[in-house]
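First comes the structure, then the notes that go with it.
The values are calculated or read from the model by the stated rules, or taken from the named source; none is laboratory data. Worth saying up front: this structure is predicted, and the values here are computed from it rather than measured. Because the Cβ atoms are built from the backbone with ideal geometry, glycine has one as well, and the counts that use them run over all protein chains shown. Each accessible area value is taken on the protein alone, full model and side chains, heavy atoms only, with ligands, DNA and RNA left out. Shrake-Rupley method; radii C 1.70, N 1.55, O 1.52, S 1.80 Å.
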Amino acid sequence: MCRSIKTLRPPVLPEEATEEDIRAAALQYVRKVSGFRAPAAHNREVFDRAVEEIAEATARLLGDIEVRGAGVRAGADASAGANPGANAPVPAAPARTA
């Protein structure tokens with residue numbers, strides 16, 4: 001994994017990712033996959049389009065992903081449709097015997 005790309009979801013990121021955070025991660029991804037830090041002039045449009053498409057996909061992912069134990073999607077408001085059973089205690093696994 002590219003070391004410059006950071007995790008963009010709570011609780012790793014204390015706040016919701018900004019558009020700037022998402023675009024920076026998308027740019028790093030395209031740079032890594034393409035092998036170019038900056039594209040040549042004849043590849044600029046393709047490079048920029050890839051960054052935008054990946055940023056859009058990332059924003060959708062972060063908006064829809066559910067974080068276990070949080071009860072709501074990472075990008076959703078806690079009062080808007082929280083899953084009432086999501087915060088229920090998880091039963092402990094049975095003890096292993098040797």
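Some notes on this structure:
- Of residues in region 48-69 being part of a helix (DSSP H, G or I) and of a type in the set (Val, Ile, Thr), the one least open to solvent (accessible area, probe 1.4 Å): Val51
- The single residue among Ala74, Ala80 that is of a type in the set (A, V, I, L, M), at pLDDT below 75 and either at positive phi or open to solvent by 60 Å² or more (accessible area, probe 1.4 Å) (or both) turns out to be Ala80.
- Some residue of region 19-40 being under 16 Å from Gly63 (Cα atoms), part of a helix (DSSP H, G or I), without any contact (Cβ under 8 Å) to a residue 24 or more places away in the chain and open to solvent by less than 80 Å² (accessible area, probe 1.4 Å): yes
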